[in-house]
Structures are given as C-alpha cells and as structure tokens.
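Before any comments, here is the structure.
The values are calculated or read from the model by the stated rules, or taken from the named source; none is laboratory data. The shown structure was predicted, so the numbers you read here are calculated from the model rather than taken from an experiment. Here the Cβ positions follow ideal geometry from the backbone for every residue, glycine too, while neighbour counts run over all protein chains shown. The area values use the complete protein model at the heavy-atom level, side chains included, leaving out ligands, DNA and RNA. Shrake-Rupley method; radii C 1.70, N 1.55, O 1.52, S 1.80 Å.
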Amino acid sequence: MTQQDQHDRDRADRDRDRAARDRAAADLVAKANKESRVLAWLRPQVHSSANQEPYRMIGVICVGAGLAVVPAMSLLGHRRLSVLWLAALVLVLALVRLQRPDGTWIAARSRPFDVVFGILLAAALAALSFYANLPRAL
C-alpha cells in the first residue's frame, strides 16, 4: 500500500465521519422541530406590546396597592392580619407566575425558582404570623 492510498483512505474516512455527523445533526434538528410542533400548545401566546400595556399597568397597580395595604393594616393594629395578607399576596404572585406570563413585568427570572420560592415564602410568613402579635420587648 502506498502513501497516496493511505492518504485517500484517511480522507474517505474523514468524509464518512463528517457525513455521519451531518446526518446526526439533521436528525436532531428534525426531532426538535417535531417536538416543537407537538408541544406548541404549551408555549405562551405572544401578543403585541400595545395589547399588553394596559395589563402591565393594571398588574403593577394591583401589586402596589396590595403591598400598601400591609403597613396600613399594621399601623391600624392588625399586625397578624397584615402578615397573613402579605403571605396571601406572595402566594397569589407565585401562582400567577406558574401561569407563565412571558413578556410581562413578572417574567424577570426563571419560573420554577419563582414559584417554589414564592410558595415557601408564603408558607413561612403564614407560619410566623403568630409572632406578629407579641408585645414589644423594648
């Protein structure tokens, strides 16, 4: 076997390997496209920004008003109720985040982190709300 024959065989092997890699990549892309079509109903619907603007404004106002109620209730002497209100607000926001409103103001971080953290925070606030009515030490 000559050196030229060996070189030609190496080149043919490289070409076969490259073709196999190209076929594998094409198969992966085809599979991803098929899964994408199958799971398309799970993706959020993308609406134009003009349609989302009133809902963004309403959402921010509602959350701001809900948060403003917490210190107001506390100042009126309903400390435990204000902590429970805050827990309910955090839980509602976690459940809203579970609905995956991508493209809105609440979609800043990853959804699983927000949902799990929100539920745990709401549970902790509800569990610790009994301490809100303790007399002041100082």
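Values for this structure:
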{"read-out": "Calculated FRET value between Y131 and A88, using beta carbons and R₀ = 22 Å, to 0.05", "value": "0.80"}
{"read-out": "For V63, solvent-accessible area (1.4 Å; no DNA, RNA or ligand), Å²", "value": "30 Å²"}
{"read-out": "Residue-wise HN-Hα coupling along region 19-30, computed from phi with Karplus coefficients 6.51, -1.76, 1.60 (Hz; x: Gly, Pro)", "value": "5, 5, 5, 5, 5, 5, 5, 5, 4, 4, 5, 5"}
{"read-out": "From phi via Karplus (6.51, -1.76, 1.60), per-residue ³J(HN,Hα) for region 76-92 in Hz, x at Gly/Pro", "value": "7, x, 9, 5, 5, 5, 5, 5, 5, 4, 5, 4, 5, 5, 5, 5, 5"}
{"read-out": "Solvent accessible area, Å² - D10, 1.4 Å probe, full protein context", "value": "60 Å²"}
{"read-out": "List I61, I119, ordered by accessible area with a 1.4 Å probe, largest first", "value": "I61, I119"}
{"read-out": "Table column - 3J(HN,Hα) (Hz), region 13-18, Karplus curve with 6.51, -1.76, 1.60, x for Gly and Pro", "value": "4, 5, 5, 5, 4, 5"}
